[in-house]
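Have a look at the structure below before the remarks.
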Amino acid sequence: MFDLQTMRDQLANHYDLAPNPDLAAAMSDTYDQMKRVVSPIDWATYAPYVAAIQRLKAERNAVILAHNYMTPEIYHGVADVVGDSLQLAIEAAKVEADVIVQCGVHFMAETSKILSPDKTVLMPDMEAGCSLAESITAEGISEMRAKYPGAPVVTYVNTTAEVKAASDICCTSSNAAQIVAALDSDTIIMTPDQYLAQNIAQQVPQKNIVWWEGSCIVHEQYTAKDLRDFREWNPDTRLIAHPECPPEVVNEADFSGSTSGIIKYVTDEKPEKALLITECSMASNIADALPEVDFVGPCNMCPYMKMITLEKILFSLHTMSEPVEVDPKVAEGARVAVQRMIDLSRKLGI
Ligand code: 13P
Ligand code: SF4
């Protein structure tokens, strides 16, 4: 468990982290990227952390890889690379710095370590998990293989290294349909997200897709009725859903795609009003770049993603904690499944 008070005491001994309006003003270029969603008072609170993290990154030769669900002060303030799960994995394999600070959830840090085993990969909070990753073990993969002999196992990257190692190939929400379509088998096992699997089954009807019963606690909460009601009250709003939502929700939406797919769609289409049926930070992170779009309606927070804060990132770089380790044998097996996904995605032009 994270001892917040100890962390704060240690940081206070080394850094001046009091709110600082002058520093905030000096960093106005950074603030301009989030001023629609972060108040000036909050920015004065964040600025000392952002400045200290930027200094420490240079000292430690570190880069920050941040998922699209990070809060704006992380996404715009300290990240070197932002993206969806596929983009972060591809970037992790190319990192030249000595240290990667993974701002996202644990499976993302494991993926970075698997692809860059010689780098130090730091997780600002080891407790930042994922309901999908927790839903299945390597034994679950064996159970599915026993039930559907000979069928290849396509495993979502939202899983532990052990589960990846037990699978044939990984996928993310941005390449799942193409990967499934490209495999030379009529029956395909998809784990662990039942809803992603059901959405892909609709897109790739030529395959018999069977699935594990996992789900994302953020996206499973949405219902088709929510979307229908919203559309009735706000007929001119574009509804955009992540494919971890149940298929009846995705079917009510105007577009469905990975987190980066969603950003691209909104950036290209610039709808007057958009409801992003996904994690809350998605709309916040693109609000300033798209002033013509009104982001409306409810969103759901991922409690795991929200465990990552500026304070914990600073502490992580200060103490070089906590390094993510993956058993080399497990990492070797997991690397095969992840690398197959990256290679096939490249071949398919994704
Ligand atoms: P993306 O690969 O679309 O970024 O999704 C990752 C995730 O955890 C969404 O809940
Ligand atoms: Fe996992 Fe869902 Fe959070 Fe993504 S949003 S990290 S799938 S719990």
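Just a few scattered comments:
- Taken as a whole, the structure leaves Ala165 outside the set of residues that are surrounded by fewer than 24 Cβ atoms within 10 Å (Cβ to Cβ), touching a helix residue (DSSP H, G or I) at 6+ places or on another chain (Cβ under 9 Å) and among the aliphatic types (A, V, I, L, M).
- Among residues of segment 266-279, those that are surrounded by fewer than 19 Cβ atoms within 10 Å (Cβ to Cβ), of a type outside the set (S, T, N, Q) and outside any strand (DSSP E or B), counted: 4
- Those strands (runs of 3 or more DSSP E) lying entirely in segment 153-197 with at least 2 residues within 11 Å of Trp212 (Cβ to Cβ): 153-156, 187-191
- Taking segment 77-117 as the range and being surrounded by 24 or more Cβ atoms within 10 Å (Cβ to Cβ), of a type outside the set (A, V, I, L, M, F, W, C) and either under 22 Å from Arg36 (Cβ atoms) or in contact with a Pro (Cβ under 7 Å, 6 or more places away or on another chain) (or both) as the test, only Gly77 passes.
- Of the residues making up segment 307-349, those that are outside any helix (DSSP H, G or I) and open to solvent by 10 Å² or more (accessible area, probe 1.4 Å) number 10.
- Of all residues in segment 176-195, those being within 16 Å of ligand 2 (Cβ to nearest atom), surrounded by fewer than 24 Cβ atoms within 10 Å (Cβ to Cβ) and either within 18 Å of Val336 (Cβ to Cβ) or at pLDDT below 95 (or both) number 0.
- Subset of segment 215-227 [surrounded by 14 or more Cβ atoms within 10 Å (Cβ to Cβ) and either in a helix (DSSP H, G or I) or within 16 Å of ligand 2 (Cβ to nearest atom) (or both)]: Ser215, Cys216, Ile217, Val218, His219, Glu220, Gln221, Tyr222, Ala224, Asp226, Leu227
The values are calculated or read from the model by the stated rules, or taken from the named source; none is laboratory data. All values derive from a computational prediction rather than experimental measurement. Here Cβ is always computed from backbone atoms with ideal geometry, including for glycine, and neighbour counts include all displayed protein chains. Note: areas computed on protein heavy atoms with side chains; ligands, DNA, RNA excluded. Shrake-Rupley method; radii C 1.70, N 1.55, O 1.52, S 1.80 Å.
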